[in-house]
Structure formats: structure tokens, C-alpha cells
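For reference, the structure discussed in these notes is given below.
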Amino acid sequence: MARKYFPKESRLVYEWLQKNYPRCLQWRRVRLGPIPKGDIFYQVVRRWADAVVFCGDKVIIVEAKIKADAGALGQLELYKELFPKTPEFSQLKDYPIELVFLTAFRDPQLEKLAKKKGIRYVVYCPKWLKEALGLK
């Protein structure tokens, strides 16, 4: 029997944002980077951040992974470079940017690397996720 699709990362991001930034502007699954010239189909080269948050004094870019993955740190660094070039966020391009790596499980080595790179490492693992993954 095929498993039913359950968007765990999307739900994780949504709940974490609602818990931590309920009164801030939020965008989820956001394309970042300049719009390529020419054919509209070239827009697929733009990158997707899991979330962008604006609370008035800074922009927060969030990348989430259920299982911590070192690649997410590189993604966040790229998003920081792309954000000021994103036309949809031109009014926010001069605000400080905070990078957040949201994960359900702690990985001490990645946490240390994130700190070294100036990326906030956040562990958030609600009960529903543990149940969905078959954990107690």
C-alpha cells in the first residue's frame, strides 16, 4: 500500500512561524533571486526559501529540514546573497538579514558549524512529528 503524502517540513515551518512570529509578515515557499531576462520559463532557476519573515527591524530567512543536513547551511548563505536582488522584496533589501536553520533533531556538529557561520540553529520537534516518524 502506498504511503499518503504528508508535508511534514511545510507544517513544521508553519507551526514554528505561528509560535514565534505570529504578528510579523510571513511568506512561505518563497522564490529568491533576480528574475532572469528572456523566456519566462527560465524563472525555474530562482531558488526557494522555506520562509521569509519581516518584523520591522530585520528580515529572517528560514530553511527547514526534518533531519539536519549540512547542505541547508549553504542554501541559507546563498539565499542571503539572493535576497537583495529579489524584486518582490526590493523594499526590504536594506534591512539586516538573519538566517535560521530549523530542524527537528539536534546535530551537534552542524549546530557548531551553523554558529560559526552566524546562522541560528533551531530545534523544534512537536509531538505530531514524532508520531508521524514513528518515534516516542
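The values are calculated or read from the model by the stated rules, or taken from the named source; none is laboratory data. Just so it is clear, the model here is predicted, and its values are computed rather than measured. Note: ideal-geometry Cβ built from the backbone for every residue, glycine included; neighbour counts use all protein chains shown.
Here are the numbers:
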quantity: The range 28-39 residues that are farther than 23 Å from Glu63 by Cα, paired with ones that are modelled with pLDDT of 90 or more (beta carbon under 7 Å, 6 or more apart); calculated: none
quantity: Out of Lys130, Lys116, Lys136, sole residue that is surrounded by fewer than 14 Cβ atoms within 10 Å (Cβ to Cβ), modelled with pLDDT of 95 or more and more than 19 Å from Asp57 (Cα to Cα); calculated: Lys116
quantity: Within the range 15-45, tally of residues that are assigned to a loop (DSSP other than H, G, I, E, B) and at pLDDT 95 or above; calculated: 4
quantity: Any chance Pro84 is out of contact with any Cys (no Cβ under 9 Å at 6 or more places or on another chain) and either modelled with pLDDT under 95 or within 18 Å of Arg120 (Cβ to Cβ) (or both); calculated: no
quantity: Some residue of the range 76-85 being within 22 Å of Tyr14 (Cα to Cα), surrounded by fewer than 20 Cβ atoms within 10 Å (Cβ to Cβ) and acidic (Asp, Glu); calculated: yes
quantity: Any hit, the range 92-106, residues being out of contact with any Gly (no Cβ under 7 Å at 6 or more places or on another chain), free of Cβ contacts under 8 Å to residues at least 40 places away in the same chain, over 18 Å from Arg47 (Cα atoms) and surrounded by 17 or more Cβ atoms within 10 Å (Cβ to Cβ); calculated: yes
quantity: Which listed residue, of Lys80, Lys67, is in a helix (DSSP H, G or I) and either in contact (Cβ under 8 Å) with a residue 60 or more places away in the chain or touching a strand residue (DSSP E or B) at 6+ places or on another chain (Cβ under 9 Å) (or both); calculated: Lys80
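The rows are residues; the columns are (1) under 21 Å from Gln18 (Cα atoms); (2) among the basic types (Lys, Arg); (3) touching a Pro at 6+ places or on another chain (Cβ under 8 Å); (4) outside any loop (DSSP other than H, G, I, E, B).
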| residue | (1), (2), (3), (4) |
| --- | --- |
| Glu88 | no, no, no, yes |
| Val100 | yes, no, no, yes |
| Gln109 | no, no, no, yes |
| Lys112 | no, yes, no, yes |
| Cys125 | yes, no, no, no |
| Trp128 | yes, no, no, yes |
| Glu131 | yes, no, no, yes |
